[in-house]
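Reading through the structure tokens given below for one structure.
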Amino acid sequence: MKKNSKKTILFGASALLFSLASCQAAEVPSDTSSSVFNDSLQMTGHYIVQAGKSDYQIVISEKADDNVIFASNELQNFLYNATGARLDVIRDTSVSDFSGKYISLGETTLFNKSGLELPEELLKTGYILKTVDNQLYINARNGSGVYSAVYDYLSENIGLEIYSHDEVTFDKVDTIPLYRYDVEFKPLFDVRQILYKHLNSSTLYQRRMRLFTDLSLGKWAAFAHTTITKFLPFSKYGADHPEWYNDAHTQVCYSNPEVVKAMAEEMKSAIASNPEATYIQMGHEDNLDMCTCENCIKEREIYGNYAGQELEFTNKLQEILDPWLEKTYPGRSMKYVFFAYQTSQEPPAKYDTTKGKYVPVSDKFRINKNVMVMYCPIDADFSKKMSDPKNSAQYDQLRGWRDLFDGASRHGEMYIWTYSLSAKSCMIPMNNFGTYEEHYKFFSDCGATAILDQSFYETGTPSLEAFKIYTQSKLLYSTQYHYQELAEKFLNQYYGAASKAMTEYYKLLRSYYNYLDATKGIGAYVMTDLYKKEYWTFEILSKFFEKMEEGIEQIAYIKETDPSRYTTLLTRLRTEECFPIYMMFRFYMSELSLNTRKEYWNILSEYCKKFDIVSSLEGGMDVNNSIETWRSEIFGD
């Protein structure tokens, strides 16, 4: 492969003022990031592209879904942009010479004649990428696995790297050999989604980060808190059936057989109304309440705890819904997912020292077919590993759920809803840098095959959002990637000429969080309020400004020579600067000169609008009001 140049496509610390001798952030090593293709590749003597020309065609099925069609377009366009050779995309119904030069994507007639098979252990989104004679085959059970494979192939052959929706790089080459591939790839999680504002608003961005959209609401017949909110609203059923609810009407009565029947009927309607859905959630409401009737108390004693009662309630729903589904929609399958959340995080298990694992506390315990648990470690300190003593409760709970599902021969039926969310402080970067690498591996080791990582999906944040999307999506995908390597790679490319300053800003931020942890015990909890003056001195906020301004100085030389790139980099720096400006205005407005206030206000106003930063906390669309209030104070009108 002859490499000519690297092409970038654009879409769209000094010493601290405190002692950090024992709590420095880890240094970022040089780039040694790994490919998901581990084996050395042998040449076949054939070439996908040779000297800028190609005899190959991309073949998709006549019945190809949107994901496979998308994969074919991405493969075609990136190969053309890298090599100048445009491979035609054709349907398999037009293939007559089955010995021709083809790249087959998905379940084509070519694939069906090839003798290749998809191993069961690859689940939905794992893929095969194999060479047979002069043909290349890429296939997965779900089309998202096909586009993931295409990106891995392009990464291997043209150096494709997708850093964000507006930062994509690849090598300019004139030749791509057909190697002898024999790849069977299983991602760390079969189903993956990350909830960030700009990621959620772009299907293209999600796909390019190899994320799987079955966790989006369109693939769920019902999702999250559903028992009253979705299925049995008190306003609809409460007048005639007050006994279906607890005294406050905030949770349902799981022990009432009429509730089981009524909820099953509502779930049938939800399933029928969402023909593409493969999941449906039996999720208790977002509070700490529960029904305290005599029967519910007795059931919790029988099944171990509230989680045991919810699990048995879900089993009963499955026993109604699966036979109905088989009769009404033959061939369709659903997963029935209950929440292990807040009051139901603790598994109905006890630790058996002789067996070295958790076992059910009740002989009534069971997990029916197609029943899954969604575990939410909402109380964890996300600045620490799951194995850290501060997270011992979540660590033991997850091990308990793992052992219960394994003991019921239901390994892999666990879904994790985790958090990159500082719910009360979204203008401040959450201190979970790097820890999610260990978190994700531990979740996988516990048998989780599906994961949702929740951040702020209603607002942009000046919290290194693109950085976190890049590192998290890679680490959700494959253990071949490592956080520190990804961090350096991203900072160098995404911030370009300003990468030195932004790397120093990143290290300064991490070091300061270590200092706060060591001196004030500040971790990274979902519900911690970080908007406190005692955490953010004028001096440290000024240091953050210094790094941003150094970055702006570092890009000044390209303002005339490459104005588009300059504007892109300036926007990225100014967006991150909204964090210290916002904090300065909250706590130190009086210590700033009038000219400085005006300058900062103009930056905050402009870049909050550009980056759609509208909230300072979860659910609070208040940033614009704050900006307008500060405008009146500063400009006097």
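Brief remarks on what is shown
- Cα centroid of the range 105-157 to Cα centroid of the range 244-311, whole Å: 41
- Beta bridges per DSSP with both ends in the chain, % antiparallel, nearest 5: 45
- Percent of Cα pairs exceeding the 15 Å cut-off, where the set is the range 353-392: 67
- Annotation for Tyr557 and Lys532: the two label points, set 7 Å from Cα along the Cα-Cβ direction, are 4.5 nm apart.
- For Ser590, solvent-accessible area (1.4 Å; no DNA, RNA or ligand), Å²: 100
- Eigenvalues of the alpha-carbon gyration tensor of the chain, scaled by 5 and square-rooted, set the equivalent ellipsoid semi-axes at 40, 38, 22 angstrom, largest first.
- Convex hull (Cα only) mean projected area of the range 542-623, reported in nm² to one decimal: 6.0
- Rounded D (µm²/s) - the range 214-275, Kirkwood Rh over Cα pairs, Stokes-Einstein at 37 °C, 0.692 mPa s: 267
- Kirkwood hydrodynamic radius computed over the range 288-381 comes to 14.7 Å, based on all pairs of distinct alpha carbons.
- Shape of the range 218-363, Cα gyration tensor, a/c cut at 1.5: oblate
- The range 423-529, relative contact order in percent, only Cα pairs under 8 angstrom and at least six apart counted: 40
- Using only alpha carbons, the range 438-579 has a radius of gyration to Kirkwood radius ratio (Rg to Rh) of 1.00.
- Oblate is the label for the range 126-221, because the ratio a/c of its alpha-carbon gyration tensor axes (a ≥ b ≥ c) is 1.5 or higher and a/b is not greater than b/c.
- Two-decimal Rg/Rh across the range 353-505, once Rg and the Kirkwood Rh are taken from alpha-carbon atoms: 1.04
- Estimated D of the range 47-141 in µm² per second, where Rh is the Kirkwood radius over Cα pairs and Stokes-Einstein applies at 25 °C, 0.890 mPa s: 180
- Taking the Kirkwood radius as Rh and the Cα radius of gyration as Rg, the range 272-311 has a ratio of Rg/Rh equal to 1.15.
- Debye-sum result for the range 414-466 in log10 I(q)/I(0), which assumes one identical scatterer on each alpha carbon, at q = 0.23 Å⁻¹: -0.90
- Per-residue HN-Hα couplings for the range 245-251 [Karplus 6.51, -1.76, 1.60; θ = phi - 60°; Hz; x = Gly/Pro]: 10, 6, 4, 8, 6, 10, 9
- Heavy-atom SASA rank of Ser40, Ser511, Ser273 (probe 1.4 Å, accessible area, largest first): Ser40, Ser273, Ser511
The values are calculated or read from the model by the stated rules, or taken from the named source; none is laboratory data. Fair warning: this is a prediction, and the values are worked out from it, not measured in the lab. FYI the Cβ positions are ideal-geometry reconstructions off the backbone, even for glycines, and counts take in every protein chain you see. Note: areas computed on protein heavy atoms with side chains; ligands, DNA, RNA excluded. Shrake-Rupley method; radii C 1.70, N 1.55, O 1.52, S 1.80 Å.
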